[in-house]
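This report concerns only the one structure given below.
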Ligand SMILES: Nc1ncnc2c1ncn2[C@@H]1O[C@H](COP(=O)(O)OP(=O)(O)OP(=O)(O)O)[C@@H](O)[C@H]1O
Ligand SMILES: [Mg+2]
């Protein structure tokens, strides 16, 4: 009987994870069918990779906001780091490596650099008790964006040249190659991203985040979130685990950036501003803080919606706003939550009432 | 040898001497009570022992090891676990996970092992589940293992806090008003549980309590605090019949 309840908890978690993967796969198959039958507008087709970018960004941000209980307002900054470092790598490597290998390397580069920036910010800030992370990440996002706007980087036989004034100041050899061109960004990045790759990266992100949450480290992160003093009283190094969650989240945001930069002929900083950080946060809040599946669904719906509503022309943003409000109510109004719990508990695979906010 | 050896422990907040020269020695396996009127400094003693506050003076030794001035995490690792007067559970996590989290430093596997679902993770998780259910059973919480801690009734939340503390496998367990908010039935049940924990886990327990029935029922020795100072100390019956104690505390 003891083991029954343990098994029940285990199975519930496993099922919850599998459902999340399944949703992604079904979404993928449906989209493929729509494409193959010519039922997906070219505008929507063009949105498929950005949708994947936002899903990865939202899921990773939820790790910080929902699971670790910290507020980050600079997620676009980590996406920016991932986008630029990976695009840089792909341009430098060029055709020296097979395409698949180069792209895998680019993904790793984006993840590692974004993760490093996460550590760099997290180490001093997460020691402090209070909402300092929000302020610092906000500043970080703006600084990274402005920095990338003025940086010129080129490469020649002598190595890397960096300047913050102009392309001329790089003093490249005639055979040298200019890669980052200030406000003009990076152009000529190989277009390695596509919907399939995007979905694979979503699944990978979900795998990492969901399994992390459902592990010893995940419990430590959530314990630190629920009650810092109690977590310390049972010997959990709170700062270390907050840092872990933050760095993993930053690295995954970096992966979103890689997907983004390898989908564009020209990469610049315009998209990596405060608005994007807030947009991703909106996905997380609307999808339900701590609810990984919810943030994923919110990201898809809210990215695709403006396009799908195009036929409504002027009423488009009105409908968009209404959808936002409805989602907000659905996820947050007490009455709606009760209703959902009641419905869920009636379903055969539903969970017992009062269980499962830690849901993965 | 004493498990806990406290010598002249003191702290002041501004001008207030919240704890002033607290000295105590607790033997292994003892059930020791710390009593005193509201605001006497009892919880502050716990906060000093567990590193939440740094003492302005005094020495704390646990099992011969000087732990004065260490932080909460180090002190828990050294072997002191506690519960809180105002319950501090991980309320958005299931009951089972609250206890499993208590085992954090006892059963380990790396983050990567967890993400990759390696065999070691399953092995450790199985042990964790087993041991956690064992502890939950002691407190009659095993049937509610899957309920969110925050949704437990008050009395059970208090018990779960003790269960979580025990999971850290401490040498000394500090309970801050474990019977607060419990009805007489629950309290007498709790007394049995505390005795069982002491015997079954070979535990040394220091507890703060206002409920005199509980104190006189299970504590072998007592210290009485009043305005941060020790008023009396010794065998329970002796202390409770001390006229000064009656005047300062019981008579009020
Ligand atoms: N962090 C703090 N800063 C200032 N004063 C404090 C602090 N912590 C405790 N005190 C004061 O120290 C005194 C002792 O408080 P403490 O909480 O230890 O009392 P207690 O004996 O546990 O009382 P109770 O029975 O009501 O729980 C009180 O006067 C309290 O206001
Ligand atoms: Mg107190």
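What the table below lists for this structure:
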read-out	value
Kirkwood-based Rg to Rh ratio, the protein assembly as shown, C-alpha trace	1.07
Relative exposure of A:259, B:230, B:118, judged by other C-beta atoms within 10 Å (fewest first)	B:118, B:230, A:259
Neighbour-count ranking [beta-carbon atoms within 10 angstrom, fewest first] of A:128, A:305	A:128, A:305
Paramagnetic label zone (point 7 Å from Cα along Cα-to-C-beta, residue A:33; backbone N under 18 Å) in region A:278-312	none
Per-residue mean of C-beta atoms belonging to partner chains within 10 Å, peptide B:68-75	3
Rounded to 10°, Cα long-axis angle of helix A:132-150 versus longest principal axis of chain A	30 degrees
Spacing of the two label points (7 Å from each Cα toward its C-beta) at residue A:315 and residue A:330, in nm	2.0 nm
Whole-number percent relative contact order across region A:32-138, with pairs defined as alpha carbons under 8 Å at least 6 apart	29 percent
On Cα atoms only, tilt of A:195-213 relative to the major axis of chain A in degrees	50 degrees
Per-bin percent of Cα-Cα distances, region B:82-125 [5 Å]	5, 19, 22, 23, 16, 8, 6, 2
Global form of region A:13-89, assessed from the alpha-carbon gyration tensor, a/c cut-off 1.5	oblate
Cβ-based exposure ranking for B:200, B:210, in which fewest neighbours within 10 Å come first	B:200, B:210
Chain A: angle of helix A:216-226 to the longest principal axis, Cα-based, in degrees nearest 10	80 degrees
Average beta carbon contacts from partner chains per residue of B:137-147, 10 Å cutoff	3
All-pairs alpha carbon distance profile, region A:1-143, 10 Å steps from 0, percent	10, 25, 28, 26, 10, 2, 0
Region B:53-170: C-alpha gyration tensor shape, a/c 1.5 cut-off, then a/b vs b/c	oblate
Sorted peptide list for B:172-179, B:133-140, A:42-49, criterion being average Cβ within 10 angstrom, highest first	B:172-179, B:133-140, A:42-49
Distance in nm between pseudo-label sites at residue A:187 and residue B:105 (7 Å out along the Cβ direction from Cα)	5.9 nm
Fluctuation leader among A:309, A:252, A:206 - chain A, Gaussian network, Cα springs under 10 angstrom	A:309
Two-site FRET efficiency, residue A:22 against residue B:13, from Cβ-Cβ distance with R₀ of 60 Å, rounded to 0.05	0.60
Computed helical MRE - 222 nm, the protein assembly as shown, DSSP H runs ≥ 4 contributing -39500 (n - 2.57), nearest 500	-18000 deg cm²/dmol
Most mobile listed residue (A:66, A:188, A:294) in chain A, GNM with C-alpha springs under 10 Å	A:188
Peptide ranges B:46-56, B:92-102, A:166-176 listed from the most packed, as the mean C-beta count within 10 angstrom indicates	B:92-102, B:46-56, A:166-176
Semi-axis lengths (Å, descending) of the ellipsoid that matches the C-alpha gyration tensor of chain A	36, 26, 19
Whether region A:73-201 is rounded, prolate or oblate, judged on the alpha carbon gyration tensor where a/c under 1.5 counts as rounded	oblate
Residue of A:165, A:137, A:20 that the Gaussian network model of chain A assigns the largest fluctuation, springs spanning Cα pairs under 10 Å	A:165
Averaged over B:56-62, number of beta-carbon atoms from partner chains that fall within 10 Å	0
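Computed from the coordinates by the stated procedures, all read-outs in this text should not be read as laboratory data. Source: prediction; values computed, not measured. Cβ atoms come from the backbone with ideal geometry, glycine included; neighbour counts cover every protein chain shown.
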